[in-house]
Amino acid sequence: MADLSVNYDGLFQAQLDRLRDDGDYRVFADLERHRGAFPRATAHKGDGQSEVTVWCSNDYLGMGQHPAVLAAMHEALDTVGAGAGGTRNISGTTHQHVLLEQELADLHGKEAALLFTSGYVSNWASLGTLAARIPDCLVLSDALNHASMIEGIRHSRADRQIWKHNDLADLEAKLAAQPPDRPKLIAFESVYSMDGDIAPIERICDLAERYNALTYLDEVHAVGLYGPRGGGISERDGLAHRIDVIEGTLGKAFGVMGGYITASAALCDFVRSFASGLIFTTALPPAVAAGARASIRHLKYSQDERAAQKARVAEVRARLDEIGIPHLDNDSHIIPVIVGDPIKCKYIADVLMQDYGIYIQPINYPTVPKGTERLRITPSPVHSQADIDHLVGALRTLWAQCQLARLPMAAQ
């Protein structure tokens, strides 16, 4: 009798082996950050551990280590305990959540805010709900939008069109082809996290107003970092009042965890009432909400962290130019060093970690297109002059030794 059973593990392993062969298999670095000494961390490996300096964190300003943030979390933990107790609808909305939403609405100058468990969920749930429930809605999505935005739009099953990245002529052509009274939603980001380029927000707003479209702006890589109070590129450029929905995260420059949208009271209530990604998931722990609120409040008034980070970014760029290390030119805080091959990219990252104690995670497909694999460097205020010198020296030595194009292709 024929064996009709399915070897599921064999199926899984075959696809994992293909990932390895293509150089796209990912290994998580097992890190233990040092409180008060970040970017120092301990890297745990099977054969022991080593000390490393982290150069690829999205905790852009080091706020995950800030005393005000830690104190707020300790206080909330001691006062109300660990968990939220359930979903926001049943028993999980605490006073810390309410205060955080008020803080976020104020940050962006909006009537209301709505808190989610992550930036991914806030995009997926909000875009999915808006596009699905606005009758005959057409979503116009930038070609380089984050996976969370893409998945939310797909989940909505609304009509969608992809416009060329930051291409206003293509966006306008697609808008102009629609009936004037058809509901339209333009979804885009301010800072694109892999290339570090910035959207032409003002001109997108002009088109949205001309063609009667809603605007949905993802500011996750900009909140905390730009604007006089950390409200993002839209605040920096005086455009927040022209954006219908501003989405952000609490897990990057604010150094904690969570996602959110800010908008009109009616829109936020609409998403709150219909979004399954909010209705059916347990709320963030109150201590996390308290820590995020403390971080936001601090960065509304302190310019020190933003100024120091800007200076570090400028210095690293200049030093890389001096030694001939190619990196994408952009106006943001993200420094992408393009390698262009997944195996080479992993090799460089491994040598940096093993020989120099520098942790930069290689970025490969599907995060970026094949052939554009890169090292994504994110200087922060907590990187010292000695850290910069060590990074630049290591890259100089590595580039000279390997001459990049002749790196050993089989190195793992």
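The values are calculated or read from the model by the stated rules, or taken from the named source; none is laboratory data. A quick note: this is a predicted structure, and the numbers were derived from the prediction, not measured. Glycine gets a Cβ as well: all are built from the backbone with ideal geometry, and neighbour counts include every protein chain shown. Areas reflect the complete protein model, heavy atoms only, side chains present, ligands, DNA and RNA absent. Shrake-Rupley method; radii C 1.70, N 1.55, O 1.52, S 1.80 Å.
Before moving on, here are some points about what is shown:
- Qualifying residue in the stretch 321-340 (condition: within 21 Å of Gly224 (Cβ to Cβ) and without any contact (Cβ under 8 Å) to a residue 24 or more places away in the chain): no
- Pairing residues of the stretch 229-257 that are without any contact (Cβ under 8 Å) to a residue 24 or more places away in the chain with residues that are open to solvent by less than 10 Å² (accessible area, probe 1.4 Å), at Cβ distances under 9 Å and at least 6 apart in sequence or on separate chains, gives Arg236/Ala222.
- For the stretch 53-64, the criterion of a residue being at pLDDT 90 or above and over 18 Å from Thr378 (Cβ atoms) is satisfied by no position.
- Of all the criteria given as (1) in contact (Cβ under 8 Å) with a residue 40 or more places away in the chain; (2) under 16 Å from Asn58 (Cα atoms); (3) surrounded by fewer than 18 Cβ atoms within 10 Å (Cβ to Cβ), the one not satisfied by Asp304 is (2).
- Residue count for the stretch 27-41, restricted to those that are in contact with a Lys or Arg (Cβ under 9 Å, 6 or more places away or on another chain), under 18 Å from Gln309 (Cβ atoms) and either polar (S, T, N, Q) or open to solvent by less than 40 Å² (accessible area, probe 1.4 Å) (or both): 1
- In the set (1) open to solvent by 70 Å² or more (accessible area, probe 1.4 Å); (2) of a type in the set (Ser, Thr, Tyr); (3) closer than 30 Å to Gly340 by Cβ, Ser5 fails one condition alone, (3).
- Counted residues, the stretch 228-242 - those being open to solvent by 10 Å² or more (accessible area, probe 1.4 Å), assigned to a loop (DSSP other than H, G, I, E, B) and under 15 Å from Ile261 (Cα atoms): 0
- Taking helices (runs of 4 or more DSSP H) as the structural unit, those lying wholly within the stretch 98-189 and holding at least 3 residues that are over 19 Å from the mean Cα position of the chain (by Cα) and in contact (Cβ under 8 Å) with a residue 60 or more places away in the chain correspond to 119-133.
Yes or no, residue by residue, for (1) closer than 16 Å to Lys110 by Cα; (2) assigned to a strand (DSSP E or B); (3) at pLDDT below 95; (4) open to solvent by less than 10 Å² (accessible area, probe 1.4 Å):
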site: Gly224; (1), (2), (3), (4): no, no, no, yes
site: Ile246; (1), (2), (3), (4): yes, yes, no, yes
site: Gly251; (1), (2), (3), (4): no, no, no, no
site: Thr262; (1), (2), (3), (4): yes, yes, no, yes
site: Asp269; (1), (2), (3), (4): yes, no, no, no
site: Ala292; (1), (2), (3), (4): no, no, no, yes
